[in-house]
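Below: the structure, in structure tokens.
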Amino acid sequence: MKTLKILLTAFLFAGIVMTNINCAKGPEITELYQSDSPLITFRVELKVGSINDPKGREGLNALTSLTIGQGGTKDLTYQEVLDKLYPWAASINPQVDKEVSVFIGEVHKDNLDGFYQIFSDLLLNPRFDESDFKRSKDLLLNHLKNSLRGTDDENLGKQALNFFIFENHPYSATEVGTVQGLELISLDDVKEYYKRVYTKDNLKFGIAGGYPKSLLDKIKEDFGKLSSGKLADIILTEPAPIQKMEILFVEKPARGTAISMGFPINLTRKDKDYYALMLANSYFGEHRTFNGVLMNRLRGDRGLNYGDYSYIEHWVQDGGSRFQLPNTPRRQQYFSIWIRPVQPENTHFAIRNAMYELKNLVERGLTEEQFEATRKFVINYSKLWVQTSSRRLGYQMDSEFYGSKFFINEIEKELKALKLADVNNAIKKYLNAENIKVAVVTNDAASLKEAIYNNALSPIKYSSPVAQKILDEDKIIEVFPLAINVEKSKTVPVSELFEK
């Protein structure tokens with residue numbers, strides 16, 4: 001096993017040299033040089049996100065990014081850009097979040113010159129074609145009105161929880177804004193935002209792979225032509241304190257019930273306690289693995305749904321993988337539990353089951369055996385998060401955002417130094433099973449509300465036999481008391497969410 005680990009480490013990190021160049025005349029460049037890599041990856045990160053959207057124009061940052069990243073250049077229409085990229089099997093994608101926006105490009109080194117010309121032109125000389133703007137605007141509005149509100153109940157629940165935790169806070173809107181905000185944005189708004197925000201002082205250039213070193217001088221020269229000017233940091237207020245369990249019922253036609261729950265935590269990757277809580281969270285709810293308590297108890301033992309996970313920071317899945325999407329860093333984070341849709345008749349039980357397990361975690365912590373097993377797992381599993389130079393570059397840029405050393409290396413270093421008491425102390429310091437917000441996407445809010453508010457008996461309904469020990473534990477869970485803050489709980493029709 002030790003030999004395998006050494007070989008894995010050598011394979012992933014061989015020949016990689018990371019450098020950060022802070023050039024006074026050009027943009028800051030993060031390098032990840034890998035001489036034998038045939039692929040070249042660019043990640044251009046702007047320190048602007050949805051928190052920079054002007055009031056009444058929520059969505060301006062996302063719409064600007066999309067109009068540029070999926071638009072044309074001064075010399076090429078969007079279709080001509082696509083025609084150039086297709087035979088190269090190259091890609092250019094914008095990605096937006098609350099605090100940063102990223103343009104990600106990747107190409108084989110044989111087509112580097114032509115690709116860089118297009119990639120840099122999109123950012124330095126965007127076409128701002130009316131058709132590109134309209135297509136991008138329609139796409140974002142369709143995402144909010146038809147996808148999120150209409151069919152994607154899992155992400156609707158997560159976005160509703162974000163809104164509920166960060167109500168009246170710069171994080172409250174979605175990363176792509178609101179319906180009314182998007183509808184009011186004009187192409188002139190986008191052009192003005194680009195001129196004000198896309199400056200060399202707000203931009204960091206990331207590059208990875210086997211690129212010629214001469215390209216760095218060209219990047220500095222080209223992107224150094226952008227205007228100067230740095231945006232002031234948006235001040236983040238503290239989210240409102242949570243008292244008992246506060247529930248947001250989102251009512252819409254739905255066959256299943258999606259549930260998300262959580263609360264803010266004063267912790268990011270720059271904090272030493274992060275690694276202790278990270279280990280505890282992996283034990284409790286590692287994403288899409290059967291290591292987590294939640295996954296084993298809710299899905300494995302009871303077949304309630306497809307998956308049940310927990311997180312100690314904002315977490316977006318990278319495509320169809322099991323891994324986190326890099327370049328979504330935030331200065332304020334939150335703990336959350338994601339319960340994938342359950343049968344409506346089991347909703348009350350599922351919420352109780354998750355809270356029962358969270359209470360057990362907070363009160364009992366981990367045993368020495370659980371601690372050691374989870375530590376070994378996370379140290380090895382985290383190496384898989386950087387299987388490509390693009391993802392490694394993304395994690396490096398996130399480490400720079402937090403002002404910390406390279407995250408993946410820090411995981412092994414910090415976890416090896418941890419003791420069981422560090423983890424159990426972090427659980428008690430940052431987690432609790434009393435004050436929590438819950439977002440429930442449901443077809444029948446009134447009935448569910450009445451049952452939860454009255455702490456009604458909520459027996460689970462099985463479609464196949466289960467072990468007696470599970471049935472015995474069910475008797476405890478079906479009456480597990482939930483202290484509800486009725487005054488702070490509310491029902492919202494889905495049509496009102498993300499409207500303004």
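The values are calculated or read from the model by the stated rules, or taken from the named source; none is laboratory data. Being a predicted model, the structure only gives us computed values, none of them experimental. Cβ: placed from backbone, ideal geometry, glycine included. Neighbour counts: every protein chain shown. Ligands, DNA and RNA are stripped out before the accessible areas are found, and what is left, the full protein with its side chains, is counted by its heavy atoms. Shrake-Rupley method; radii C 1.70, N 1.55, O 1.52, S 1.80 Å.
Figures for the structure shown
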item: Residues of the range 180-233 satisfying the condition of being open to solvent by 40 Å² or more (accessible area, probe 1.4 Å), hydroxyl-bearing (Ser, Thr, Tyr) and assigned to a helix (DSSP H, G or I); result: 214
item: Cross-chain or 6+ apart pairs with Cβ under 8 Å, the range 203-225 first and in contact (Cβ under 8 Å) with a residue 12 or more places away in the chain, then among the basic types (Lys, Arg) and part of a helix (DSSP H, G or I); result: 208/392; 209/109; 210/109; 211/109
item: Every residue from the range 145-165 that is farther than 14 Å from residue 258 by Cβ, surrounded by fewer than 22 Cβ atoms within 10 Å (Cβ to Cβ) and among the aliphatic types (A, V, I, L, M); result: none
item: Failed condition for residue 116, given (1) under 16 Å from the mean Cα position of the chain (by Cα); (2) surrounded by fewer than 22 Cβ atoms within 10 Å (Cβ to Cβ); result: (1)
item: Test: residue in the range 335-343 that is more than 30 Å from residue 43 (Cα to Cα), open to solvent by 50 Å² or more (accessible area, probe 1.4 Å) and either in a helix (DSSP H, G or I) or not aliphatic (A, V, I, L, M) (or both); result: yes
item: Qualifying position, being surrounded by fewer than 24 Cβ atoms within 10 Å (Cβ to Cβ) and under 23 Å from residue 169 (Cβ atoms), among 126, 54; result: 54
item: Test set (1) crowded, with 19+ Cβ neighbours inside 10 Å; (2) within 23 Å of the chain's Cα centre (by Cα); (3) hydrophobic (A, V, I, L, M, F, W, C) - residue 139 fails condition number; result: (1)
item: Those residues of the range 480-500 which are over 29 Å from the mean Cα position of the chain (by Cα) and either part of a helix (DSSP H, G or I) or in contact (Cβ under 8 Å) with a residue 24 or more places away in the chain (or both), in sequence order; result: 480, 481, 483, 486
item: First in the range 343-356 and farther than 14 Å from residue 449 by Cα, second anywhere and part of a helix (DSSP H, G or I) and open to solvent by 10 Å² or more (accessible area, probe 1.4 Å), Cβ under 7 Å, 6 or more apart; result: 353/297
item: Looking only at the range 136-149, and only at residues there that are touching a residue at least 12 places away in the same chain (Cβ under 8 Å) and among the charged types (D, E, K, R), the one that is nearest to residue 189 (Cα to Cα); result: 137
item: Residue ranges of strands (runs of 3 or more DSSP E) in the range 243-316 with at least 1 members among the aliphatic types (A, V, I, L, M), touching a Gly at 6+ places or on another chain (Cβ under 9 Å) and in contact (Cβ under 8 Å) with a residue 24 or more places away in the chain; result: 245-251, 257-265
item: Of the criteria (1) hydroxyl-bearing (Ser, Thr, Tyr); (2) open to solvent by less than 20 Å² (accessible area, probe 1.4 Å); (3) assigned to a loop (DSSP other than H, G, I, E, B), which one residue 172 fails; result: (2)
item: Flag for residue 339 being within 14 Å of residue 283 (Cα to Cα), at pLDDT 95 or above and of a type in the set (Val, Ile, Thr); result: no
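For every residue, the table says whether it meets (1) within 20 Å of residue 94 (Cβ to Cβ); (2) in contact with an Asp or Glu (Cβ under 8 Å, 6 or more places away or on another chain).
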site: 147; (1), (2): yes, no
site: 178; (1), (2): yes, yes
site: 187; (1), (2): yes, yes
site: 191; (1), (2): yes, no
site: 216; (1), (2): no, yes
